[in-house]
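Reviewing the structure listed below.
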Amino acid sequence: MTADAPTILATSGGVQRGERSTWGFAPLIDFAIELSGATGRPRLCYIGTAGGDQRYQAAWMSEAGAAAGVSVSYLPLFPMPPTADLAGFLLEHDAVWVGGGSVANLLALWRLHGLDGAIEAAWRAGVVLAGVSAGSICWHLGGTTDSFGPDLVTVHNGLGFLPYANGVHYDSEPQRRPLFQRLVAEGSLPEGYATDDGVGLLYRGTTLVEAVTEIRGKGAYHVRAEDGSAVEERIEPRLLRA
């Protein structure tokens, strides 16, 4: 099945240690699948471009899916895409989960192979798009990234499905919050939304519907510019089931 409106879940979480496997699905991945309305055995497409298409990670996701009763398939771009019909491949799934890593490399390779257009077509058709870190920033206009080194820089060329900036790992990486606020304040980035680790932002179309969390006490934030300064407002997320 597919969602009844274009849906994105942009997160700073989703994967946890499995009980009998390296990775397990945390509540944010479960929620992404739930948003699709899938019945029976859900179909999840894992895209690991940002992490260099590491096949061991694809195997870990597949094991996590098996434990959760979810059929996981893998869309690598190395050494070549699995099919010439990427849009058709994605449309066979209920949801897509994009892993973390280098958002700069992700965007370059997706555009090189035409995966950006295929993913947009799937999103508009109701396949739920979700992901963590790079897999969160990519859906927005831009954000901050460590794709080029340990000092964060700005990424401006996100896919722009969502007309906002995006900040991830807001509470766990010291550079993230002050840089995001400064970039929004000076107009280098538009207003945007940020997430603490374990928190996700649910968008229907281009509208933020709610924030959700798999960790009690964590937050989401709306950051906008006002008179040359950043104004940050906390969004209290809804706690997902444990």
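Below are the figures for this structure:
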read-out: The lone exception for Arg241 - which of (1) modelled with pLDDT under 95; (2) under 16 Å from the mean Cα position of the chain (by Cα) it fails; value: (2)
read-out: Tally of residues being in contact (Cβ under 8 Å) with a residue 60 or more places away in the chain, more than 22 Å from Leu91 (Cβ to Cβ), among the small types (Gly, Ala, Ser) and in contact with a Lys or Arg (Cβ under 9 Å, 6 or more places away or on another chain) across the range 1-44; value: 2
read-out: Test: residue in the range 209-219 that is in contact (Cβ under 8 Å) with a residue 12 or more places away in the chain, more than 23 Å from Leu106 (Cβ to Cβ), outside any loop (DSSP other than H, G, I, E, B) and out of contact with any strand residue (DSSP E or B) (no Cβ under 7 Å at 6 or more places or on another chain); value: no
read-out: Unmet criterion (only one of (1) free of Cβ contacts under 8 Å to residues at least 24 places away in the same chain; (2) more than 19 Å from the chain's Cα centre (by Cα)) for Ala108; value: (2)
read-out: Whichever residue in the range 63-84 is of a type in the set (S, T, N, Q) and outside any loop (DSSP other than H, G, I, E, B) and, among such residues, is farthest from the chain's Cα centre (by Cα); value: Ser71
read-out: Members of the range 61-92 that are in contact with a Ser or Thr (Cβ under 7 Å, 6 or more places away or on another chain) and either over 18 Å from Val15 (Cα atoms) or touching a residue at least 40 places away in the same chain (Cβ under 8 Å) (or both); value: Glu63, Ala64, Gly65, Ala67, Leu77, Phe89
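Every residue, every condition in (1) polar (S, T, N, Q); (2) touching a residue at least 40 places away in the same chain (Cβ under 8 Å); (3) surrounded by 21 or more Cβ atoms within 10 Å (Cβ to Cβ), yes or no:
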residue	(1), (2), (3)
Thr144	yes, no, yes
Pro150	no, no, no
Leu162	no, yes, yes
Val184	no, yes, yes
Glu191	no, no, no
Thr206	yes, yes, no
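The values are calculated or read from the model by the stated rules, or taken from the named source; none is laboratory data. No experiment lies behind these values; they were computed from the predicted model shown. Note that each Cβ is placed from the backbone with ideal geometry, even for glycine, and that neighbours are counted across all protein chains shown.
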